[in-house]
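Contents: one structure, followed by commentary.
The values are calculated or read from the model by the stated rules, or taken from the named source; none is laboratory data. As the structure is a computational prediction, the values presented were derived from the model and not from experiment. Positions of Cβ are backbone-derived with ideal geometry, glycine not excepted, and every protein chain shown enters the neighbour counts.
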Amino acid sequence: MIDTRTDIKDIALRSMEIMRDGTYDDFVEVVHPEAVNHESKDEPPGTRGRGPAAFYATALWLRNAFADLDFEIHAVVAEDDLVVVHNTMRGVQAGTFVGYKADATVDQAFPPTGRSFASTQTHWLRVRDGQVVEHWANRDDMGTARQLGWIPPSPAYLLRMARATRQARRDNGE
């Protein structure tokens, strides 16, 4: 049983590390079977369940879109069973990034730009009995979109977005 703030901070940081390059078994170790990711409402259908498989699906979704994914940690604060991680997420958009609507249908797809980004975030994680049981985040999505050239989009990029969105909808069975 985990009972110190340092331990829950370590678990929260480990959950960030495995998003970058962890295996499914790593997620089983760190994520509780009933854990919920409140951010999954904007993510692919496979991320919307509970537990390690859903969290691993989120990692795969990010890795498919962003090469060299990494998290620079600025601060970690813990109180009771809650840990807050302030960080900068970095990567290069090497694959199509697909955003989803609340009903799990494709909203928009952003084809790869090859550009890098660095966006600040805070991740809020509830840790119990040595595993993450809850996650939500605040992210600078507008800053990411500007750095990647999604906004303001060029006319040529708008055409690529439309094609990528149609393809993502087909891939999602829509």
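Checking each residue in the range 73-85 for being loosely packed, with under 15 Cβ neighbours inside 10 Å and either within 20 Å of residue 43 (Cβ to Cβ) or touching a His at 6+ places or on another chain (Cβ under 6 Å) (or both) picks out 74, 75.
In the set 116, 154, which member is over 19 Å from residue 55 (Cα atoms), surrounded by fewer than 16 Cβ atoms within 10 Å (Cβ to Cβ) and modelled with pLDDT of 95 or more? Talk me through it step by step, then tell me what you get.
Details: 154 fails: modelled with pLDDT of 95 or more.
None of the others qualify; the one that does is 116.
Among the residues of the range 131-151, count how many are in a strand (DSSP E or B) and either of a type in the set (A, V, I, L, M) or surrounded by fewer than 13 Cβ atoms within 10 Å (Cβ to Cβ) (or both). Quick ask: steps written out before the conclusion?
Start the filter on the range 131-151 by keeping residues that are in a strand (DSSP E or B), which leaves 131-139.
So of that shortlist, the ones also either of a type in the set (A, V, I, L, M) or surrounded by fewer than 13 Cβ atoms within 10 Å (Cβ to Cβ) (or both) come out as 132-133, 137.
Total meeting the criteria: 3.
Condition check: in contact (Cβ under 8 Å) with a residue 40 or more places away in the chain, over 27 Å from residue 25 (Cβ atoms) and surrounded by fewer than 17 Cβ atoms within 10 Å (Cβ to Cβ). Does residue 93 satisfy that?
Working: in contact (Cβ under 8 Å) with a residue 40 or more places away in the chain: yes; over 27 Å from residue 25 (Cβ atoms): yes; surrounded by fewer than 17 Cβ atoms within 10 Å (Cβ to Cβ): no.
For residue 93, the condition - in contact (Cβ under 8 Å) with a residue 40 or more places away in the chain, over 27 Å from residue 25 (Cβ atoms) and surrounded by fewer than 17 Cβ atoms within 10 Å (Cβ to Cβ) - is not met.
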